[in-house]
Structure formats: structure tokens, C-alpha cells
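First comes the structure, then the notes that go with it.
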Amino acid sequence: MRTTSPSNVLVTGAAGYIGTTLLRRLLADGARVIALDSLERGHADQLPREVPLVVGDVRDPDAVRQALRLFDRPPDACIHLAGLIQVGESTLFPELYRDVNVVGTQVVADLCLEAGVPALVLASSAAVLRPLAGVADRLDEDAPVGPESPYGASKLNGEYTLRAAADLGRMATVALRLFNVCGAAYGLAERHDPETHLIPLSLRAAAGELPPLHVFGEDFDTPDGTCLRDYVHVRDVVEAFVRAARLAMHQAASGGCEFNVVHVGTGQPRSVREVITACEQILGKPVPRVMHGRRPGDVAALVANPSKLASLLGIHPDPDLARMVRDAAASLGLLDG
Ligand code: UDP
């Protein structure tokens, strides 16, 4: 694969947790980046000053066009992170998820095609997959899809949009199915608003900043009864986005516009209990918790087969859970004193 990195990149959802980390990674490569974010859930204060920001919604064609027009020529790639990301919330507001994630992705793909952008990378999700009967199985990219939640369905729809865009032959596209992104890099915090993710919730409950953690289900068909997930460091995730953009640029330049799906995880199953224990060990304090029923939309196990991530993008993600938890704790200011 040609090793040239994208030098002009549009990042949607740039003010989010992954976006703010990705911007640092792209800037370290010397890329010119334009950020598009509605700032409804993002963190404007964590955007680098040198990155121009268009405040707007991906469902609004004018906002997307405005961002694209800030480049002197069509950007080399668009990395589309904007979207709603909570499984539980999506079961309460399915129409909102359809609107933001499905319509938003269609608008971004259409306007990138119109502008002549050769590469589009989507933040998709493991939630598009149908969980396998055996919880020990690792899901590869050929595993059957079958989302259990409106969130997963909206991401699958986004994948179909990217496939259709690549079929037109003018743009190569990649959907990265993210497993459980965690940790922190570049001095940024693992922060979501509202916070719903297991590691920051556990750490902040242990520090007394948040109420006790609700453990969503202990009756799953897993070794300790809690859900198994595949936690992957945000540093490896942003690397995957850069390399996916690079791959798509290269394909488009050589006339072979493909649609590729890549699973972004380590292949290591970790239970909710294991994660809580890792948080307790890093902080040296117990994580106060209460048992709770299952969260709607949650499945027993979602673990990646990371072979294609290695073979296609050359990424071997660090499976060290303690490091992910330590980086998250440090970023939240919980390791000092
Ligand atoms: N979880 C939990 N309590 C919480 C948040 C999450 O028990 O307050 C569990 C959740 O059921 C899942 C795992 O932790 O099994 C990871 O959830 P998270 O929301 O971090 O990511 P998801 O897997 O939904 O993308």
C-alpha cells in the first residue's frame, strides 16, 4: 500500500471523544483538517485552535457544503464520526437515531461524491452484528449482521450507504466497526456527555465523583454472568482511521474503488467484572456498585476477530486492559494524590 497519509481531511463529529483524539493524530502528520460538529454533545474546548470549525449538523447539506468549501481543492478524505452512539438511548428514541445516523451519513456521502472527495471512512459499530451463540467466538467481517438495537440498525444502514457510494466507482469507502473504544491519548480525557461508558463510570464512581455503578445484568450466558466486550485503546482506533483513509485514497487513485469493512478490536473478551477489577487495581479503591437489570439492547458478547485489521491496515492493537484503564484514569485526573 502507498504510504502517503491524507493531507487534507474533513472530520465530522470532530469535537467528540474519538474526533478530538483523531485531530491530534492528523495534525501530527502535518495534515490540514477542517472540523464539522454540531457541538450538541461534543467538547469545543478540546478542539485544537488551529483547526477551523464549522458548527453544523451533518443532516444539513448547507453545513456540509460550507465545510467542504473551506478546502482549496477537494479534501483527500472525509472521516465521518458524527452520530449518536448510545445503544440504550436508541431504544427510547429510534427515530432520532435513524435521522441523525442514517440521514446524516447519506448527506455526507452524497456531498462528498458531489465535491469529488475520493475517500470516505465511517465510524460504524460492532452493534451491527448478530451475536453468535458461542460467547467465545470472535466475530470477523463475514459474520452475519443483525443489529439488536436501533443504534446498530442505523450504523448498518450507514454501511450500506458507503457500499452504494463505492459502487459508483468514484470514491473508495471503509466502514470501521468499532468495538469498545476506551483509554485516552494526547492529554485528552475519556469524556462523553452524558457519560454512559463502563470504564469512566467505574473510575469516577470509585473516586466518589459519581454515584455507584449500575451493573447491567449478571445473568448472561458468560463465564461470570456479566457481558463480554472487546476494549480497544483510542490511540489504536485513531490510527485505524488514518490508515483506512490512506487505503481508500490509494484505491481511488488506482481506479479500484472498493467498499471495505474492518473490525477494530483486540480479540480479547473482557467481562464487566474484569473491567471493574482493573479499575479497582489502578485506583487502589473499590468501585461502589449496585446490581441492576439488563440494559435494553445489550447482548452477551461482542468480541472482534482482529485479523483483517492487521492484514489490511497493519494494526496490531495493544490488548493491555490495565494500560487502557490507567490512561483513562490519568486523563480524568484520578491518579494524582
Ligand atoms: N455497563 C454497565 N453499567 C454501566 C455502563 C455499562 O454494566 O453503567 C456494561 C454494559 O452493559 C456493557 C459494558 O458495560 O456490557 C460496556 O458498555 P458501554 O456502554 O461502555 O459500551 P457498549 O458495549 O454499550 O458499546
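The distance linking the range 142-170 with the range 85-125 is 10 Å (Cα centroid to Cα centroid, whole angstrom).
With the cut-off at 1.5 for a/c, could you classify the range 1-68 from its C-alpha gyration tensor as rounded, prolate or oblate? It is oblate, given that a/c is not under 1.5 and a/b is not larger than b/c. Amide H contacts for Arg32 (H built 1.01 Å from N in the peptide plane; partners 5 or more residues away or on another chain; cut-off under 5 Å): Asn8, Val9. Apply the a/c threshold of 1.5 to the C-alpha gyration tensor of the range 92-169 and tell me whether it is rounded, prolate or oblate. Oblate shape, in that a/c is at least 1.5 and b/c is the bigger or equal ratio.
Counting every C-alpha pair in the chain, the share spaced more than 33 angstrom apart comes to 22%.
Working from the pairwise distances between different alpha carbons, so that the mean of 1/r is found and then inverted, what is the range 145-231's Kirkwood radius in Å? Answer for the range 145-231: a Kirkwood hydrodynamic radius of 16.3 Å. Centre-to-centre separation between the Cα atoms of the range 205-269 and those of the range 64-79: 27 Å.
Counting Lys and Arg as +1 and Asp and Glu as -1 over every other residue whose Cβ lies under 14 Å from the Cβ of Leu111, the net charge comes to -1.
Most simply put, the chain has about 5% antiparallel DSSP beta bridges, counting only bridges with both residues inside it. Among the protein heavy atoms of the chain, carbon and sulfur supply 49% of the accessible surface, probe 1.4 Å, non-protein parts ignored. The mean accessible area for residues of the chain, using a 1.4 Å probe and ignoring ligands and nucleic acids, is 40 Å² per residue. Other residues within the sphere of radius under 10 Å centred on the Cβ of Arg294, judged by their own Cβ, net out at -2 (K and R +1, D and E -1).
Considering only the Cα atoms of the range 1-126, their convex hull presents on average a projected area of 8.0 nm². Under 5 Å from the amide H of Ala301 lie the amide H atoms of Leu228, each residue being 5 or more positions distant or on a separate chain, with H modelled from the backbone and absent for Pro and chain starts.
The values are calculated or read from the model by the stated rules, or taken from the named source; none is laboratory data. What you are looking at is a predicted structure, and each value in this text was computed from that prediction instead of being measured. Using ideal geometry, Cβ is built from the backbone for each residue, glycine included, and neighbour counts are taken over all protein chains shown. Surface areas here come from the heavy atoms of the whole protein model, side chains and all, with no ligands, DNA or RNA. Shrake-Rupley method; radii C 1.70, N 1.55, O 1.52, S 1.80 Å.
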